[in-house]
Amino acid sequence: MEHATTSARIILILFSVIIVTQVIRAQRGQRPFIRRIPGLTAIEEAVGRAVEMGRPILTSVGMGGIDIITLQALAIVTHVAGVAARFGQRIILPVRNAAFVPIAEDAISTAYNQAGRPDAFSEQDIIFLSGEQFAYAAGVSGLIQREKVAATFLFGQFFAESLIIAENANQVGAIQVAGTPSTTQIPFFIVACDYVIIGDEYYAATAYLTRQPTIMGSLVGQDRVKMAVIGLIVLGAILLSFGMPVVWNLFFDKELATLADYFKPQGTLIQSLGAGGGK
Amino acid sequence: MFVPQTGITLWLFILGALVVGGGVFFVLTLVPTRFRKPLIAAVTFLAGLFFALEFFLPVATEGETKGQNFLTPFLKPVSAWTTILQGFALGIGVYSLVSVHLRNIARKREGRGFSVVLLAAIVAMAVPAIWKEYNPDPRLKGFYEIIYDGAFNSLNATMYSVVAFYIVSAAYRAFRIRSREATLILISAFLIMLGQVTIGQAITNGIPNEGFARNFRIENIANWILTRVNSPAVLAIEFGVGIGALATSLRIWLSLERGSYFDEEL
C-alpha cells in the first residue's frame with residue numbers, strides 16, 4: 001500500500017488549498033482571463049464545415065474506463081454536441097465500454113434538448129463498438145470511411161489506435177481536433193490532426209468552453225500550482241548548483257550530501273523519477 | 001468477513017448482495033428529486049474522504065501492521081465496491097445495447113443485419129466463455145479457443161500491424177519542410193533514427209567515444225536529444241496533466257463540478 005510521506009502531505013494539501021481557494025474566489029464573482037486555445041475555438045469552424053458539407057461529425061472519448069479523463073472528454077464532446085445541435089447536425093459517438101453507453105446517451109441527448117433540437121438526436125448514433133482496442137479502431141475507421149465524416153473530435157485516453165483513427169479521418173478530408181493526456185500519443189495526433197490540445201489544456205477545455213466560474217477558478221488554481229512547482233524546480237536547481245540539495249532531499253529517497261552525489265550513476269533527476277524513486 | 005467464501009456461503013453472500021443492492025437502488029428511486037444531488041454529493045464526499053484519509057494518515061513503522069494505518073485493512077473491500085457498481089453499470093450497458101439492436105431488427109431498420117451479427121457474436125462469445133468454467137469438456141474449451149485465440153486475436157494483430165503503414169503516411173506529411181517547427185521535427189527525428197540503428201552509428205564510428213569529441217558521435221547526439229530535450233518536455237506535460245487531474249478530482253470530490261455536465265450548478 002502506498003501512503004503519503006511528510007513532503008507529499010504538505011505539498012498535496014497546499015496545492016489543494018490553492019485550487020479550492022481560487023474556485024471559491026471565482027464563485028464569488030472574480031472573472032479570470034483565459035488565453036485563446038486554437039483547438040477549442042476551431043470547434044464552431046469544424047461544426048460549420050460539417051453543416052455546409054451535409055456530412056456527420058464523429059466524436060470519440062477514447063479507450064479509457066469511466067474515469068476522470070473519459071468524463072472530461074465527454075464534457076468536451078457534449079459541448080460539441082450542443083453546438084452541432086443548434087444546426088440540427090448529426091453527431092456519431094462510438095464507445096468502447098458498454099457501461100458508458102447510457103451515460104453518453106444521457107449527456108448527448110441533454111445537449112440536444114438544451115439546444116431545442118431533441119428531434120435531431122438519435123440514440124442510434126451512440127454506438128457500442130467493442131471493448132477491444134483494435135476492434136474498436138477498426139469499427140471507428142469503418143464508420144469514418146462509410147459516413148465520410150466532415151469533422152472528428154478525438155478526446156480522451158488513446159493508445160496505438162490513435163493514429164489508425166486519425167489517419168482514416170485524414171483520408172476522407174475531415175477537419176480534426178484532438179486532445180489527450182497520453183504523452184505517447186500526442187505526436188501522432190500532431191502529425192495527423194489539424195488542431196491538438198496538449199497537456200493540461202485538456203483539463204482547461206471545459207473552463208474555456210463553458211466559462212463556468214467554478215471551472216475557471218479551478219483553472220486559475222492550476223496555474224498558481226504550476227507556478228509553485230516551477231518555483232520549486234528553479235529554487236531546487238539553484239540551491240543544488242551551489243551544493244545545497246535542500247529541495248532535492250525533500251522529495252527523493254536518495255539523499256544528496258554534496259553536488260558531486262548528483263552526478264554519480266543513478267543519481268540524476270530523470271532516472272530517479274523514472275525508477276519511481278520519489279519519496 | 002472480508003475473506004473469499006466458498007460453497008453455500010458464497011451463494012448466500014451473492015444472494016444477499018443482490019437483495020441489498022436491489023433494495024438500495026429501490027430506496028434511491030424513492031428519494032425526492034431535490035434531495036438526489038445533495039445525497040450524491042454526500043456519498044461522493046464520504047467515499048473520497050475514506051481514500052484521502054487512508055493515503056494521508058501516518059502508518060505504523062513496525063510490528064504486524066507495519067506500513068498500515070487503521071483504515072488500510074478496509075481498503076480492499078471498499079475498493080471492491082467500485083467493481084460491484086461497475087458490474088451494475090455493465091448490466092445497464094448490456095441491456096441498453098441489446099434493446100437498441102433488438103429494436104433495429106424488430107423495426108426492420110437499415111443495417112439490421114449488423115445488429116443480428118452483433119447479438120449472435122455476444123451469444124457466441126459469452127456462452128462458451130461462461131460454460132467452459134463449469135464444464136470440463138475439452139471440446140467446449142477448444143471451441144472458445146478457436147473463436148477467441150484463433151480468430152479474434154489474429155484479427156487484433158492484423159489491425160495493429162496496419163499502424164506501421166499509417167506511421168509512414170503520417171510521417172511523410174509531418175516531415176515535409178513547410179515551417180521551422182517541421183524542419184526541427186525532421187532534423188531531430190532523422191538524428192534519433194540514425195542514432196538507434198547500427199548503420200547510423202557506423203557513420204560516426206571514427207570519432208573517439210571520450211573527451212569533448214564524443215559529443216559528435218551520432219548515438220550520443222540522439223541520446224542527448226532524448227534525455228535532455230524530449231524527457232524534460234514530456235515531464236513538463238505530465239506535471240501539467242497531473243495538476244489538471246488533481247483539480248478535476250477536487251471539483252468532483254467536493255461536488256463543485258456541475259451535476260450532469262451542462263445543467264445548473266449544485
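Dipole of chain A computed with +1 at Lys/Arg Cβ and -1 at Asp/Glu Cβ about the Cα centre; of A:Ala204, A:Gly48, A:Ala84, farthest Cα towards the positive end is A:Ala204. Computed about its Cα centre, the charge dipole of region B:175-253 is approximately 240 debye, with only Lys, Arg, Asp and Glu carrying charge at their Cβ. Computed over protein heavy atoms with a 1.4 Å probe, the accessible surface of the protein assembly as shown works out to 55 Å² per residue.
Just need the relative contact order of region B:175-253 here, percent rounded to a whole number, with Cα pairs under 8 Å and 6+ apart. Display every interim value, and only then the final one.
On the way: 54 pairs, mean separation 17.8, N = 79.
Computed over region B:175-253, the figure is 23 percent.
What the Cβ-Cβ distance of A:Arg49 and A:Gln114 gives, at R0 = 25 Å and to the nearest 0.05, is a FRET efficiency of 0.65. Projecting the Cα atoms of B:Gly211, A:Ala137, A:Val246 onto the charge dipole of the protein assembly as shown (Cβ charges, centred on the Cα centre) puts A:Ala137 farthest toward the positive pole. R0 = 22 Å: FRET efficiency of B:Arg173 with A:Val172, Cβ-based, nearest 0.05? Plugging the Cβ-Cβ distance into 1/(1 + (r/R0)^6) gives 0.90.
Taking only protein heavy atoms and a 1.4 Å probe, the accessible area of region A:38-210 is 51% carbon and sulfur. By the rule of a C-alpha distance below 19 Å, with chain neighbours fewer than 8 residues away ignored, the aspartates and glutamates paired with B:Lys141 are B:Glu133, B:Asp149. Pairs of Lys residues in chain A, spaced 8 or more positions apart or belonging to different chains, with C-alpha separations under 28 angstrom: 5 in total.
Using Cβ point charges alone (K and R +1, D and E -1), the dipole size of chain A about the Cα centre works out to roughly 800 debye. List residues of region A:1-20, by number, whose backbone nitrogen lies under 16 Å from a label position 7 Å along Cα→C-beta of B:Ala60. Answer for region A:1-20: A:1.
Rounded is the label for the protein assembly as shown, because a/c, from the alpha-carbon gyration tensor with a ≥ b ≥ c as root eigenvalues, stays below 1.5.
Inter-label distance, B:Ile146 to A:Ile230: 6.3 nm, where each label sits 7 Å from its Cα along the C-beta direction.
With a ≥ b ≥ c taken as the square roots of the eigenvalues of the C-alpha gyration tensor of region A:38-210, please select rounded if a/c is under 1.5 and otherwise prolate if a/b is larger than b/c or oblate if it is not?
It is rounded, given that a/c, with a ≥ b ≥ c, falls under 1.5.
Heavy atoms of chains B and A lose about 5500 Å² of accessible surface on contact, summed over both sides with a 1.4 Å probe. Computing FRET efficiency as 1/(1 + (r/R0)^6) for B:Arg112 and A:Ala257, where r is the C-beta to C-beta distance and R0 is 56 Å, gives about 0.15. Taking all Cα pairs closer than 8 Å and separated by 6 or more residues, the relative contact order of chain A comes to 22 percent. Of the residues A:Phe189, A:Tyr112, A:Gly179, the one whose Cα sits farthest toward the positive end of the charge dipole of region A:38-210, with +1 on the Cβ of Lys and Arg and -1 on the Cβ of Asp and Glu, is A:Tyr112. If the segment from B:Asn153 to B:Val78 were pulled out straight at 0.36 nm per residue, it would be longer than the present Cα-Cα gap by 23.6 nm.
Between helix B:153-175 and chain B there is an angle of about 40 degrees, using the helix long axis and the longest principal axis of the Cα atoms. For chain A, modelled as a GNM whose springs connect Cα atoms under 10 angstrom apart, the maximal fluctuation among A:Phe33, A:Phe100, A:Phe159 occurs at A:Phe33. Taking the helices alone, chain A has a mean residue ellipticity at 222 nm of -18000 deg cm²/dmol, built from -39,500 (n - 2.57) per DSSP H run of at least 4 residues and averaged over all its residues.
Taking B:Ile167, B:Ile243, B:Ile252 in turn, the Gaussian network model of chain B (Cα-Cα springs below 10 Å) assigns the largest fluctuation to B:Ile167. Taking a Cβ cut-off of under 10 Å around B:Ser115, the surrounding Lys, Arg, Asp and Glu residues balance to a net charge of +3, with basic ones at +1 and acidic ones at -1. For chain B, the mean residue ellipticity at 222 nm estimated from helices alone is -24000 deg cm²/dmol, where every DSSP H run of n ≥ 4 contributes -39500 (n - 2.57) and the total is divided by all residues, rounded to the nearest 500.
Taking Cα centre as origin and charging only the Cβ of basic (Lys, Arg, +1) and acidic (Asp, Glu, -1) residues, the dipole magnitude of the protein assembly as shown rounds to 960 debye. In order along region A:112-123, the phi-based Karplus estimate (6.51 cos²θ - 1.76 cosθ + 1.60, θ = phi - 60°) of 3J(HN,Hα) comes to 5, 5, 5, 7, x, 10, x, 5, 7, 8, 10, 5 Hz; Gly and Pro are listed as x. What separates the Cα centres of region A:219-250 and region A:80-144 is a distance of 43 Å.
Which percent of the accessible heavy-atom area of chain B goes to carbon and sulfur, probe 1.4 angstrom?
Taking all protein chains in place, chain B shows 72 percent carbon and sulfur surface.
Given their separation in residues at 0.36 nm each and the Cα-Cα distance between them, B:Arg139 and B:Thr29 gain 35.0 nm when the chain is fully extended. Comparing A:Arg28, A:Arg90, A:Arg224 in a Gaussian network model of chain A (Cα springs below 10 Å), the most mobile by mean-square fluctuation is A:Arg28.
In straight-distance terms, cross-link reach from B:Lys76 covers every one of the aspartates and glutamates whose alpha-carbon lies under 16 Å from its own, apart from those fewer than eight places away in the same chain; here that gives A:Glu2, B:Glu54.
The values are calculated or read from the model by the stated rules, or taken from the named source; none is laboratory data. Please read all numbers here as calculations on a predicted model, not as lab measurements. Glycine gets a Cβ as well: all are built from the backbone with ideal geometry, and neighbour counts include every protein chain shown. These accessible areas exclude ligands, DNA and RNA; they are computed on the full protein's heavy atoms, side chains included. Shrake-Rupley method; radii C 1.70, N 1.55, O 1.52, S 1.80 Å.
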